[in-house]
1. Can you list the HN-Hα couplings for the range B:543-554, worked out from phi with the Karplus curve (6.51, -1.76, 1.60; θ = phi - 60°), rounded to whole Hz and with x for Gly and Pro?
2. Need the C-alpha centroid separation for the range B:388-412 versus the range B:152-171, integer Å.
3. Quantify how strongly other chains surround peptide B:447-458 by giving the mean number of their Cβ atoms within 10 Å of each of its Cβ atoms.
4. For B:G38, enumerate residues with amide H under 5 Å from its amide H, sequence gap 5+ or separate chain, H modeled in the peptide plane.
5. Check B:G114: other-chain or 5+ apart residues with amide H under 5 Å from its amide H, H built from backbone geometry?
6. Using R₀ = 22 Å, calculate the FRET efficiency as 1/(1 + (r/R₀)^6) where r is the Cβ-Cβ separation of B:Q193 and B:D154; round to 0.05.
7. Going by Cα centres, the range B:434-471 and the range A:130-145 are how many Å apart?
8. With a point put 7 Å past each Cα toward its Cβ, work out how far B:S166 is from B:S485 in nm, to one decimal.
Amino acid sequence: MGKAEERKQYWFVIKELTGREIKRKYSRSYLGIVWSVLNPLLSMAIISLIFSQIFRRSIENFPIYYLTGNIIWQLFTGATNSAMTTLVDNKTLLIKVKFPMQIFILARVYTALVNLGYSLVAYVIMLFVFKVTLGWTMLFSPVIIFLLVLFSLGISYILATAYVFFGDVKHLYSIILTLWMYLSAIFYPVDQLQGFIHTAIINNPLFNYIDSMRKVIMLGTLPTVSDVVRMTLWGIGVYFIGYHIFNKHANGIMQKI
Amino acid sequence: MGKSLKYVVGTFIFILFSVLILSDVQVLADGETAAFFGTEAYEWEWGISSPIGVYARSKQNIDTFEMNVVYDADMLEYQSGGELIEPGLVKVSASGVGLAEYKEMLSFIPRIAGNSAITIQGLHIRTTSGETNEVAATSVIVNVPIPEGCALEDIRLNGESIEGFSSVQTSYSAEVAADITQAELIVSPSEIQTEISDTFLAVGNNVITITTTNSEGKKARYTLNVNRLESTEQVMDQSEEPAHAEPAVVMQGSNSAAKRNQVVFTVVMVVLVLLLFSLIILKINLMRKNKEERIRQKRRGRQANRRAAKAKIRHEQKADRAVTEKTPKIRKDRREVEIAVNHITMEFKREKDEATSIKELFIRTIKRQRSYEMFTALKDVSFRIRKGDVVGIIGTNGSGKSTILKIISGALDPTKGTVEVDKRKIQLLTLGTGFDFELTGRENVYLNGAIIGYTKEYIDEKYDDIVKFAELEGFMEEKVRNYSSGMVSRLGFAIATIRDTPEILILDEVLSVGDMFFRKKSEARIKEMIHSGSTVLIVSHSSSVIKNNCNRAVWIEKGRMRAIGNPAKVCAVYEKMQEIS
């Protein structure tokens, strides 16, 4: 098998695994795949209705402010949470396979990306509802998402490795995620805060991605150079660290499983 | 056809939902801030001062607001409540309100009886939080009953009585032909004093008012909306229209237009909801139909299977005999070595009383209590498997059989020693693993095929063969959850062995499961592979499986190789050991 063929085969496996995750999710419902758009759409509609009543004074166009943060957050948590357990979930397959184990992690992250695609359909509808003017800066958003995917992949590698050895990583991570979420300024304005918390949020890589996304979508401005540099460094840096950790422990993972 | 239709229906439902949600959100967004009147319609008496409440409401507390109340100055006389800008226009405003709702009572004296409209226009609200809102106009109809002596008995328009005329109703509409440019009105009783407005008719809607006065000087007004039909030859003269319309009437027109819009909106919403529901029902029906179809196919499939199975058994029995007779005598030295296992030792670093939580790990690391125990799963195992061999690996549970398989297939690296084998040729078959029970048989074929290394094109090509071999025609759209365990094994076996010649096939406890028919069939298939030169590695803890299928056997016990050679002999030793323990 040549390199290109091998890649093609890996890609096919990733697609099949992703298809399985998505089909599974709604396999017992009548509307099936329609839910994957309907679900984010309805929850976004509800969230917008609720939040347009609560926080509207302090933030302009609050629903979109919230939703922008939320889809980025969902991509990250969806990817890392599911990728964390993927090796254990697919225990029986791991022995059979002839490709690197990374494929399983890639497939889960890709699933989160596909889910983001569905959410984006709903999100675009919301943009129209709340009359956000479309601008050319929005074309920059794929770059942000790509860097975020790299970042999520890196974290996923680390988590998946850790989870094989320690089951309680899962519980610990859910607590960390709660803290992380509050430090990502998803539903409040950052300017209201001062001191240590403010510094923590500003230096939070996820806030970096969320903030850049908001700039690109809502304000119609490009993220600053330092934003882009930081996003790139975080994305690529964490990806390589995660990849390295995963590879180093690959044999250990097999033994443990 | 079913599938594409499903998608179409699904998409429609989605679009409908989004349209509904969109329009809903907009209605809610506009509906909160509003201007309105105390009631929906007013009945006043001629010449008596009458009150009307005008309201401004906002989502948040109102700081300042202002509105214009427009009325028909001919018919109503303004008395009090606001600030009269000019006859027909009253301004109501307030500042520093601090409430979410503001009410002002205005009073008017009706000077001419009949229907007229009062409209709130240009409501501007500034809330305490600094938001400004502008609200669309709203109107209310004021009806003043006709005083005695003002009532008409009949109105004739160009010789014809107005349809549905009664003396208490004051507004009517009528239609005239395109060529009539002048309305000729005859009212009765003729002794009553009447005053008729301009009777020139433009194309489209025209308003003609008839004002009657009785002996006491009380007045009433009848309003006629005359629609002159558009002719094909005549060019519409739009500019004339507004000239003939009085301000009060324009307001009424816009009022009815708003009402019409509302009606249209409601109708559209109702239609959309109905359409949505019918589509959902259609979709559910489609699914039910598909299910029935599948069940029918299943029944047919079952019957066919039974017949086919009977025929196959007969056929296979013959084939079996043929194969066993034809198997050539083994001449080891000539064939090349396919798998060479050289002095393999596998050690797991296992912690005594392993820490399963980070806390525990942390505490132990600090206390230096982490003591490792080297667990040797395999110790110095070496054997060679030649091309075309069918080797059985036998051993009790936990003896290291699975570890050696993992090492051979490349999933694990041994601690010491090497394995010489072309890993790309290996096909590891364990039944039922890797199936997702929530997916259909077809989806599982693709998923499983992808995992064991088939390309999409290859699966597309071989799909029918797989289904046929597994004898699962008619079941493939069914979820694997509903399969029997025999069906799952058949499908797994079919997927794994459809490949033309898997050069090295590793079977992990495969042959001891499955029903009778399947066992026969799989054994036949494996014999076929042996015949075609495949190297087969069978792992089992059952000696009968090994004896029946293999030409060599390896007995591994507690990580050490105990015996290798003729299956019958090896199995005999194995059985003896088992009897002792």
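Throughout, read-outs are computed from the coordinates displayed, never taken from laboratory work. Computed from a prediction, not measured in an experiment: that's the story for all the values here. Every residue, glycine as well, gets a Cβ built from its backbone with ideal geometry; the counts of neighbours run over all protein chains shown.
1. Each residue of the range B:543-554 in turn: 6, 5, 4, 5, 4, 6, 10, 9, 10, 9, 9, 10 Hz.
2. Distance between centres, Cα-based: 104 Å.
3. Mean shielding by partner chains, rounded to a whole number: 6.
4. Excluding prolines and chain starts, which carry no amide H, the hits are B:G53.
5. Under 5 Å from the amide H of B:G114 lie the amide H atoms of B:V144, B:R221, each far enough along the sequence or on another chain.
6. Efficiency, rounded to the nearest 0.05: 0.85.
7. Value for the Cα centre distance between the two parts: 41 Å.
8. About 8.4 nm separates the two model spin labels.
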